[in-house]
Amino acid sequence: MNRDDDKKYFRLMVERLREISKRPIKLMEVCGTHTMAIGKSGIRTVLPAEIELVSVPGCPVCVTADSDLDAFMSLAGENRVTLVTYGDMMRVPGSAGSLAELKAEGADIRVAYSSLEALAFARSEPQKEIVFLGVGFETTAPATAHAVKSAAAEGLPNFSVYN
């Protein structure tokens, strides 16, 4: 498809939406990235009045404050600090770039699937300060709490959670 085909297809979709929209409907955007794309593309302005898009706060990654991202970046620049995070945080831009960019410059930033992986790093690398970025959905909170309790029980002074 080319740009003209895209525009034609888009117009047809909008016309079809107007034809089938008989009653009010609310659609929830569940990600800040969706909200930004919808706003940037102008989709809201062409939808029938019956269709309302509702923006929610967004996932934790999308709504992480720039000040927190900047703090993460600052921590990553410190000697002996290893940041551990979920993969979706790597490309979120802060005011000075992203964690992925900082990692490419040599910072010790690691992707984990669980806070328990970060705890394992703390056990195996006692000379490093392991900081787990506690940004995630509510479903990640119990595992993070377990990691904190385990670190305390094991006397691991080099494990912390930024939350």
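The values are calculated or read from the model by the stated rules, or taken from the named source; none is laboratory data. Bear in mind that the values here come from a model prediction, so they are computed numbers and not experimental data. Note that we place each Cβ from the backbone using ideal geometry, even for glycine, and neighbour counts take in every protein chain shown.
The set of residues in region 14-41 that are hydrophobic (A, V, I, L, M, F, W, C) and touching a residue at least 12 places away in the same chain (Cβ under 8 Å) comprises 14, 17, 25, 27, 28, 30, 31, 38. Residue 115 satisfies every condition listed in (1) among the polar types (S, T, N, Q); (2) buried (at least 16 other Cβ atoms within 10 Å of the Cβ); (3) at pLDDT below 85 except (3). Can you tell me how many residues in region 27-46 are more than 28 Å from residue 92 (Cβ to Cβ) and touching a strand residue (DSSP E or B) at 6+ places or on another chain (Cβ under 7 Å)? The total comes to 0. Considering (1) in the same structural domain as residue 139 (by TED's automatic domain parsing); (2) in contact (Cβ under 8 Å) with a residue 12 or more places away in the chain; (3) touching a Ser or Thr at 6+ places or on another chain (Cβ under 8 Å), say which one residue 91 fails and leave the rest. Failing condition for residue 91: (2). A single entry from 153, 100, 120, 145 fulfils the requirement of being surrounded by 14 or more Cβ atoms within 10 Å (Cβ to Cβ) and farther than 18 Å from residue 66 by Cβ: 120. Quick check on residue 12: is it modelled with pLDDT of 90 or more, more than 30 Å from residue 151 (Cα to Cα), part of a helix (DSSP H, G or I) and out of contact with any helix residue (DSSP H, G or I) (no Cβ under 7 Å at 6 or more places or on another chain)? When the stated conditions are applied, residue 12 passes them.
In summary, residue 91 fulfils each of the numbered conditions (1) within 14 Å of the chain's Cα centre (by Cα); (2) in a strand (DSSP E or B); (3) among the basic types (Lys, Arg) with the single exception of condition (2). Taken together, 84, 161, 131 contain a single residue that is touching a Leu at 6+ places or on another chain (Cβ under 6 Å), part of a strand (DSSP E or B) and over 30 Å from residue 25 (Cβ atoms), which is 131.
Which of the residues spanning region 113-128 are part of a loop (DSSP other than H, G, I, E, B) and more than 17 Å from the chain's Cα centre (by Cα)? Listed by number, the residues that qualify are 125, 126, 127, 128. Determine, yes or no, whether residue 110 is modelled with pLDDT of 95 or more, part of a helix (DSSP H, G or I) and basic (Lys, Arg). So residue 110 does not fit the description; no.
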